[in-house]
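What follows is a single structure, written as structure tokens, with notes after it.
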Amino acid sequence: MVNAGVSKRNQVFGVATILITVLLVVAGVEWGLRLMNNSITNSESMDEGFILYDDQLGWKLSPGWQGRHRHHDFEVIYRTNEIGLRGNSEDLFAAQKVFYLGDSFTFGLGVGEGETFTDWMNQQAAESGAVYSNLGIPGYAPDQQLIFLESLLKYEPDEVVWVIYLGNDLLDIRYPFPLQAAYGKPYFIEEDKKLLLRNSPVPLKSKFGKYQNLSVSSAILGDYDLYPKWRDYLNRFQLGVRLNGILGVDEDALKERLADAQKNDVDLFMAMVERAKTVLQRHGGKLSFVLMPGSGYFRDGTVPGIYQSTLSHSLSDTLANRGYKVLELGPLLEAYKESGSLLYHPNEGHLTPTGHKIVGEILFDSGLW
């Protein structure tokens, strides 16, 4: 009897030891992941003076600025010309010119001077006489891009290629504050088939109220319950986020949800497109489109992957049906991802120099202009 009691206690003690060990290991891994995530987040810094407040656009780049951008993934130097753009301002006066309009992916956040896709294209096009100008401004949504473009039409581009970032560009047009920027912007609403500008002049104030809690994920999902409550709880932890990624989501239900929400965003964006087309035609210019995927596009079965791929197809079809040339980069970059090419900075998320070079090659051979 004594031996049996001792044996049972030993078994209980052994099970408890295993459980405690597992819990300690899990806690240690969670602590390590949080520490690593905080270290990466806190590694980013930008020299002062990169952006200035602008009452028409929300912000703009400082003309004639040079500074360093540091991150866990890179350390690069940016320069802006006297107009507040990346690249040579003299390109705006070239006889044959193509403007690339976009956000930080077009600007080339995370790559140094001479490494953006427009830089690469200009190197290849040196003998043809065509010049590609970089009109990318970090953080700009399509509404800001449209207003910014209108201010530069005096340079009379032959073609404007509008680069739409699939990650959040069409989400940002809903709001007076971009999802991933701290300050306000102008935005459009459509009433009686007319675009009406709101939040202009843009007040100089930080996000407030409900806008502080909005994220890309919450803007995509709205009130849709992606997970049961126990999986929502898991998202509080770094390990839980990874586990939810493995478990996946109900793709069919999410796509059905996105179809309705994206229709409103696409309709509003297309109203902006028609306005851009009208003002460009007055200056003899043409308009085409590039759909730029973020790194989340390639994560199958995730919210960013499903959102971006669904939006890419929907937007491409809509633009093509209206007679516009449009290039979906996502499917074209898939093969490079599968071959192991490092297209995106693994933690920061923007294109690497390799990514810009590959995008430049694709665009140069695309026949968009």
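Looking at region 113-179, the helices (runs of 4 or more DSSP H) lying wholly inside it that each contain 2 or more residues that are touching a Gly at 6+ places or on another chain (Cβ under 8 Å) and assigned by TED's automatic domain parsing to the domain that holds Q56 sit at 117-124, 142-152. Right, A271: under 15 Å from A141 (Cα atoms) and either of a type in the set (F, W, Y) or under 24 Å from the mean Cα position of the chain (by Cα) (or both) or not? Yes; evaluated as a whole, the condition is true for this residue. All told, L196 falls short of being part of a loop (DSSP other than H, G, I, E, B) and over 15 Å from Q145 (Cα atoms).
The number of residues in region 322-335 being at pLDDT below 95 and either surrounded by 13 or more Cβ atoms within 10 Å (Cβ to Cβ) or not assigned by TED's automatic domain parsing to the domain that holds K286 (or both) comes to 1. Within region 327-336, is even one residue in contact with a Pro (Cβ under 9 Å, 6 or more places away or on another chain) and in contact (Cβ under 8 Å) with a residue 60 or more places away in the chain? Yes - at least one qualifying residue is present in region 327-336.
Being under 24 Å from the mean Cα position of the chain (by Cα), closer than 20 Å to G64 by Cα and crowded, with 23+ Cβ neighbours inside 10 Å, is that true of even one residue in region 87-97? Steps first, answer last, please.
Taking region 87-97 as the starting set, the residues that turn out to be under 24 Å from the mean Cα position of the chain (by Cα) are 87.
Now drop any that are not closer than 20 Å to G64 by Cα, which leaves 87.
Add one more test, that the residue is crowded, with 23+ Cβ neighbours inside 10 Å, and what stays is 87.
Yes: region 87-97 contains one or more residues that are under 24 Å from the mean Cα position of the chain (by Cα), closer than 20 Å to G64 by Cα and crowded, with 23+ Cβ neighbours inside 10 Å.
Filter region 65-76 for residues that are surrounded by fewer than 19 Cβ atoms within 10 Å (Cβ to Cβ) and closer than 18 Å to I137 by Cβ and give the result. Hits for region 65-76 are W65, Q66, G67, V76. One residue is enough: does region 133-143 have a residue meeting the conditions out of contact with any Ser or Thr (no Cβ under 9 Å at 6 or more places or on another chain), surrounded by fewer than 24 Cβ atoms within 10 Å (Cβ to Cβ) and in contact (Cβ under 8 Å) with a residue 60 or more places away in the chain? Checked region 133-143: no residue is out of contact with any Ser or Thr (no Cβ under 9 Å at 6 or more places or on another chain), surrounded by fewer than 24 Cβ atoms within 10 Å (Cβ to Cβ) and in contact (Cβ under 8 Å) with a residue 60 or more places away in the chain.
With respect to the stated conditions, L171 fails to be buried (at least 22 other Cβ atoms within 10 Å of the Cβ) and touching a strand residue (DSSP E or B) at 6+ places or on another chain (Cβ under 7 Å).
So if I check each of F117, F105, which one is touching a helix residue (DSSP H, G or I) at 6+ places or on another chain (Cβ under 7 Å), closer than 17 Å to K357 by Cβ and touching a residue at least 60 places away in the same chain (Cβ under 8 Å)? Show your work before the answer.
Values: F105 fails: touching a helix residue (DSSP H, G or I) at 6+ places or on another chain (Cβ under 7 Å).
That would be F117, the only listed residue that is touching a helix residue (DSSP H, G or I) at 6+ places or on another chain (Cβ under 7 Å), closer than 17 Å to K357 by Cβ and touching a residue at least 60 places away in the same chain (Cβ under 8 Å).
Just to be sure before I move on: is L315 in contact (Cβ under 8 Å) with a residue 24 or more places away in the chain and surrounded by 21 or more Cβ atoms within 10 Å (Cβ to Cβ) in the structure I sent? So L315 passes the test.
Matching residues to (1) in the same structural domain as L226 (by TED's automatic domain parsing); (2) within 19 Å of the chain's Cα centre (by Cα); (3) loosely packed, with under 13 Cβ neighbours inside 10 Å:
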position: V249; (1), (2), (3): yes, no, no
position: D252; (1), (2), (3): yes, no, yes
position: A261; (1), (2), (3): yes, yes, no
position: V266; (1), (2), (3): yes, yes, no
position: L280; (1), (2), (3): yes, no, no
position: L291; (1), (2), (3): yes, yes, no
position: D300; (1), (2), (3): yes, yes, yes
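The values are calculated or read from the model by the stated rules, or taken from the named source; none is laboratory data. Source: prediction; values computed, not measured. Reconstructed Cβ throughout: ideal geometry from the backbone, glycine too, with neighbour counts over all protein chains shown.
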